[in-house]
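Chemist: Shown below is the structure under consideration.
The values are calculated or read from the model by the stated rules, or taken from the named source; none is laboratory data. If you're wondering where the values come from, they're calculated on a predicted model, not measured in any experiment. Cβ placement follows ideal geometry from the backbone for every residue including glycine, while neighbour counts extend to all protein chains displayed.
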Amino acid sequence: MDNKDDIRQFAYKLRSQTAEQQDVGVEEALLSKFKTCFPIKDYKENIFALYWPLGDELDCTPIIEWLLSENVIVALPVIEEGSRVLSFFTWDGKSTLQKGGLGTKEPDRKKEVTPDIVCTPLVAFDRQMSRLGRGGGYYDATLSDLRKNNPDVTAVGLALDTQLCLFPLPCEKHDEKLDIILTPSMIYTPRNEAV
């Protein structure tokens, strides 16, 4: 299987089946891995961009809730018409989310920010830190844009363990690698270290 669309369809089906069997412990385990990677005392001043889960994407709302409880700035992505580069606006966890592009939920557009850490959903990933998304290219374009202005921005993929692809995913010139991938049981880094 070397075609992105074929891999994506297979991964969608697998993720959907896995999501149905997912228990509450998965979110708790993922939050624990997140806290290990980003101890609050070291990251209190950083801006974290997360996402509101769409369909059977991994639910990162426990991470959002934890960051907000620690008074950390949380931002959610907004799709801008005519652009693949996402904008990020702060969310306080209280204001109502609006319907956004492609069925997403987005905060009101009061305060735009540039995130230091960007957490992305994904359909599949490999040990070379490649991610396969929905196919729109929004996160690749966004990460490329952010990295031009801030090479230290950290891209974090959030996934279930079953989303690991055991062979290297097809990679194109525009594809952006992740810096960290978190699953409920593992922390992947570019050196293929898994914790």
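Chemist: Take segment 179-195 and flag every residue that is assigned to a loop (DSSP other than H, G, I, E, B), modelled with pLDDT under 90 and not polar (S, T, N, Q).
Modeler: Within segment 179-195, R191, E193, V195 meet the criteria.
Chemist: Additional query: I'd like to know if segment 102-109 contains one or more residues that are surrounded by 20 or more Cβ atoms within 10 Å (Cβ to Cβ), more than 16 Å from the chain's Cα centre (by Cα) and at pLDDT 95 or above.
Modeler: The initial filter retains those residues of segment 102-109 that are surrounded by 20 or more Cβ atoms within 10 Å (Cβ to Cβ), namely 106-107.
Of the ones still in play, those that are also more than 16 Å from the chain's Cα centre (by Cα) are 107.
Now drop any that are not at pLDDT 95 or above, which leaves 107.
Among the residues of segment 102-109, at least one is surrounded by 20 or more Cβ atoms within 10 Å (Cβ to Cβ), more than 16 Å from the chain's Cα centre (by Cα) and at pLDDT 95 or above, which makes the answer yes.
Chemist: Still on this model: Would you be able to say whether some residue in segment 19-28 is among the charged types (D, E, K, R), within 21 Å of I180 (Cα to Cα), modelled with pLDDT of 85 or more and not in a strand (DSSP E or B)? Walk me through it before giving the result.
Modeler: Narrowing segment 19-28 to residues among the charged types (D, E, K, R): 20, 23, 27-28.
Narrowing further to those that are within 21 Å of I180 (Cα to Cα): 27-28.
Now restrict to residues that are modelled with pLDDT of 85 or more: 27-28.
Keeping just the survivors that are not in a strand (DSSP E or B) gives 27-28.
Yes: segment 19-28 contains one or more residues that are among the charged types (D, E, K, R), within 21 Å of I180 (Cα to Cα), modelled with pLDDT of 85 or more and not in a strand (DSSP E or B).
Chemist: Taking interchain pairs and intrachain pairs at least six residues apart, which have beta carbon atoms under 8 angstrom, with the first residue in segment 46-57 and closer than 14 Å to A75 by Cα and modelled with pLDDT of 95 or more and the second among the aromatic types (F, W, Y) and not in a loop (DSSP other than H, G, I, E, B)?
Modeler: What qualifies is I47/F88; A49/F88.
Chemist: Take the residues of segment 150-178 that are of a type in the set (A, V, I, L, M, F, W, C) and not in a loop (DSSP other than H, G, I, E, B): which is surrounded by the fewest Cβ atoms within 10 Å (Cβ to Cβ)? Lay out the reasoning, then the answer.
Modeler: At the first step, the residues of segment 150-178 found to be of a type in the set (A, V, I, L, M, F, W, C) are 153, 155-156, 158-160, 164-167, 169, 171, 178.
Now drop any that are not not in a loop (DSSP other than H, G, I, E, B), which leaves 155-156, 158, 164.
Working: A155: 23, V156: 22, L158: 27, L164: 16.
Here the residue is L164.
Chemist: Would you check which residues across segment 58-101 are surrounded by fewer than 19 Cβ atoms within 10 Å (Cβ to Cβ), within 20 Å of Q163 (Cβ to Cβ) and in contact (Cβ under 8 Å) with a residue 40 or more places away in the chain and list them?
Modeler: Within segment 58-101, none qualify.
Chemist: Of all residues in segment 130-153, how many are of a type in the set (A, V, I, L, M, F, W, C) and more than 13 Å from the chain's Cα centre (by Cα)?
Modeler: Our first condition is that a residue be of a type in the set (A, V, I, L, M, F, W, C); within segment 130-153, this holds for 132, 141, 143, 146, 153.
So of that shortlist, the ones also more than 13 Å from the chain's Cα centre (by Cα) come out as 141, 146, 153.
Adding up the residues that qualify gives 3.
Chemist: Return the residues of segment 133-149 that are surrounded by fewer than 19 Cβ atoms within 10 Å (Cβ to Cβ), at pLDDT 95 or above and among the polar types (S, T, N, Q); say none if nothing qualifies.
Modeler: S144
Chemist: In this structure, does F34 turn out to be in contact with a Lys or Arg (Cβ under 7 Å, 6 or more places away or on another chain), within 24 Å of L143 (Cα to Cα) and either at pLDDT 95 or above or assigned to a loop (DSSP other than H, G, I, E, B) (or both)? Spell out how you get there, then give the answer.
Modeler: Numbers: in contact with a Lys or Arg (Cβ under 7 Å, 6 or more places away or on another chain): no; within 24 Å of L143 (Cα to Cα): yes; either at pLDDT 95 or above or assigned to a loop (DSSP other than H, G, I, E, B) (or both): yes.
The answer is no for F34.
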